[in-house]
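Below is one structure; the comments refer to it alone.
No value in this document is a laboratory result; all are computed from the given coordinates. What you see is a predicted model, and the numbers here were worked out from it, not measured in a lab. Reconstructed Cβ throughout: ideal geometry from the backbone, glycine too, with neighbour counts over all protein chains shown.
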Amino acid sequence: MPYAKGQSGNPKGRPKQTAEQKSQKEQFQRLLKSSTVEALQSIIQIASDRYNKDRFNACKYIIDKAYGANTAFLLDGTEDTAPTVIRIVPYGKENEDDEDWEQEWNNAPDDGLEED
């Protein structure tokens, strides 16, 4: 049965914790906080190991915690802001001059696709 607009689906709210549950929660939080340095050192060690399969996730975790999960990195002007150029060279053509490759490209038969 749907609830009326503005009516809570859980009118009594979350159940209250017992004193024992509160004590266990506090003990758990103390335990977690006491092992924070070792955990962070382990994550940094994983991030530093270039052969570890979890390296990307460890790096992402560190960056997310340091800067926020959805933070865009802004350039402050000190970085090299020159565009990255990616040169695609056909297999086996690494040693040929750019002009030869460009000439071969321009003389290649049309594949039937027309640009609009």
Original post:
Checking Lys16 against (1) charged (D, E, K, R); (2) part of a loop (DSSP other than H, G, I, E, B); (3) surrounded by 10 or more Cβ atoms within 10 Å (Cβ to Cβ), which single condition isn't satisfied?
Top reply: (3)
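Restricting attention to the stretch 24-41, does a residue exist that is among the small types (Gly, Ala, Ser), surrounded by 10 or more Cβ atoms within 10 Å (Cβ to Cβ), closer than 19 Å to Lys65 by Cβ and out of contact with any helix residue (DSSP H, G or I) (no Cβ under 9 Å at 6 or more places or on another chain)? Show your work before the answer.
Restricting attention to the stretch 24-41, the residues satisfying the condition of being among the small types (Gly, Ala, Ser) are 34-35, 39.
From what's left, surrounded by 10 or more Cβ atoms within 10 Å (Cβ to Cβ): 35, 39.
Now narrow it down to the ones that are closer than 19 Å to Lys65 by Cβ: 35, 39.
Cutting the leftovers down to out of contact with any helix residue (DSSP H, G or I) (no Cβ under 9 Å at 6 or more places or on another chain) gives us 35.
Checking the stretch 24-41: at least one residue is among the small types (Gly, Ala, Ser), surrounded by 10 or more Cβ atoms within 10 Å (Cβ to Cβ), closer than 19 Å to Lys65 by Cβ and out of contact with any helix residue (DSSP H, G or I) (no Cβ under 9 Å at 6 or more places or on another chain).
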Original post:
Restricting the first residue to the stretch 26-53 and requiring it to be of a type in the set (S, T, N, Q), which pairs with a second residue that is surrounded by fewer than 10 Cβ atoms within 10 Å (Cβ to Cβ) meet a Cβ separation below 8 Å and a spacing of at least six or different chains?
Top reply: none
